[in-house]
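Enquirer: To start, I am sharing the structure in question, which I have written as structure tokens.
The values are calculated or read from the model by the stated rules, or taken from the named source; none is laboratory data. These numbers were taken from a predicted model, which means no experiment stands behind them. Neighbour counts run over all protein chains shown; Cβ positions are idealised from the backbone, glycine included. Accessible surface areas use protein heavy atoms only, side chains included; no ligands, DNA or RNA. Shrake-Rupley method; radii C 1.70, N 1.55, O 1.52, S 1.80 Å.
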Amino acid sequence: MPSVISKIVQKCGDYRQDDGFEFDEVHVTNWANQFPEGQRAQILTCVENALSVCYFSKSEAESWLKEVVKNEEFSGSDPAGFWKSANLLNIQARGRSQREMLVILGSGPID
């Protein structure tokens with residue numbers, strides 16, 4: 001079980017890193033302890049498998065978004081013009097991911 005916990009922390013160690021949240025082995029262990037002892041290893045393995053294909057680090061997400069904004073198939077032959085005229089929503093009531101994505105896209109939050 002400790003090696004699976006280490007893999008989870010290694011994959012998601014940047015989660016909320018910028019607001020002081022500590023996503024570490026202690027946090028993952030405490031989370032896992034809410035489940036019956038006989039099920040923890042299986043749950044952690046399932047979580048680690050899902051995260052290995054579904055979790056994008058902040059730097060991976062930033063790189064992907066920076067490529068999307070320049071992609072002519074997405075934004076046409078004038079990507080800068082497209083994004084200047086685009087109306088991007090900022091309607092997420094809780095959390096910060098949408099606001100952070102808007103900053104990465106260079107448009108800042110639009111309320």
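Enquirer: What's the number of the condition LEU88 fails, among (1) closer than 30 Å to GLN10 by Cα; (2) in contact with a Leu (Cβ under 8 Å, 6 or more places away or on another chain)?
Expert: Exception for LEU88: condition (1).
Enquirer: Kindly indicate the residue of the stretch 97-108 that is part of a loop (DSSP other than H, G, I, E, B) and surrounded by 13 or more Cβ atoms within 10 Å (Cβ to Cβ) and also nearest to the chain's Cα centre (by Cα) among those meeting that condition. Reasoning before the result, please.
Expert: Looking only at the stretch 97-108, we keep the residues that are part of a loop (DSSP other than H, G, I, E, B), and these are 105-108.
Still in the list and also surrounded by 13 or more Cβ atoms within 10 Å (Cβ to Cβ): 105, 107.
On the way: LEU105: 15, SER107: 19 Å.
Restricting to residues being part of a loop (DSSP other than H, G, I, E, B) and surrounded by 13 or more Cβ atoms within 10 Å (Cβ to Cβ), the top hit is LEU105.
Enquirer: Farther than 21 Å from ASP18 by Cα and out of contact with any Pro (no Cβ under 7 Å at 6 or more places or on another chain): is that true of ILE91 in this structure? Walk me through it before giving the result.
Expert: Details: farther than 21 Å from ASP18 by Cα: yes; out of contact with any Pro (no Cβ under 7 Å at 6 or more places or on another chain): yes.
So ILE91 passes the test.
Enquirer: Name every residue in the stretch 62-78 that is in a helix (DSSP H, G or I) and either in contact with a helix residue (DSSP H, G or I) (Cβ under 6 Å, 6 or more places away or on another chain) or surrounded by 10 or more Cβ atoms within 10 Å (Cβ to Cβ) (or both), in order of residue number. Spell out how you get there, then give the answer.
Expert: Step one: filter the stretch 62-78 for residues in a helix (DSSP H, G or I), giving 62-70, 72-75.
Within the stretch 62-78, GLU62, SER63, TRP64, LEU65, LYS66, GLU67, VAL68, VAL69, LYS70, GLU72, PHE74, SER75 qualify.
Enquirer: Would you check which residues across the stretch 51-61 are open to solvent by less than 50 Å² (accessible area, probe 1.4 Å) and either part of a helix (DSSP H, G or I) or farther than 21 Å from VAL26 by Cβ (or both) and list them? Steps first, answer last, please.
Expert: If we filter the stretch 51-61 for residues that are open to solvent by less than 50 Å² (accessible area, probe 1.4 Å), which is where we start, we get 51, 55, 57, 61.
Listed by number, the residues that qualify are LEU51, ALA61.
Enquirer: Against the definition (surrounded by 11 or more Cβ atoms within 10 Å (Cβ to Cβ) and of a type in the set (Lys, Arg)), how does LYS84 come out, yes or no? Let's see the steps before the verdict.
Expert: Numbers: surrounded by 11 or more Cβ atoms within 10 Å (Cβ to Cβ): no; of a type in the set (Lys, Arg): yes.
The answer is no for LYS84.
Enquirer: I'm trying to understand the selection: among the residues of the stretch 7-27, which are out of contact with any Ser or Thr (no Cβ under 9 Å at 6 or more places or on another chain) and either loosely packed, with under 14 Cβ neighbours inside 10 Å or farther than 15 Å from ALA50 by Cα (or both)? Break it down stepwise before answering.
Expert: Of the residues in the stretch 7-27, the ones out of contact with any Ser or Thr (no Cβ under 9 Å at 6 or more places or on another chain) are 8-10, 16-24, 26-27.
GLN10, ARG16, GLN17, ASP18, ASP19, GLY20, PHE21, GLU22, PHE23, ASP24, VAL26, HIS27, listed by residue number.
Enquirer: If I ask for residues that are in a helix (DSSP H, G or I) and open to solvent by 40 Å² or more (accessible area, probe 1.4 Å), which ones from the stretch 36-47 would you list?
Expert: Narrowing the stretch 36-47 to residues in a helix (DSSP H, G or I): 37-47.
Within the stretch 36-47, GLU37, GLY38, GLN39, ARG40, ALA41, GLN42, ILE43, THR45, CYS46, VAL47 meet the criteria.
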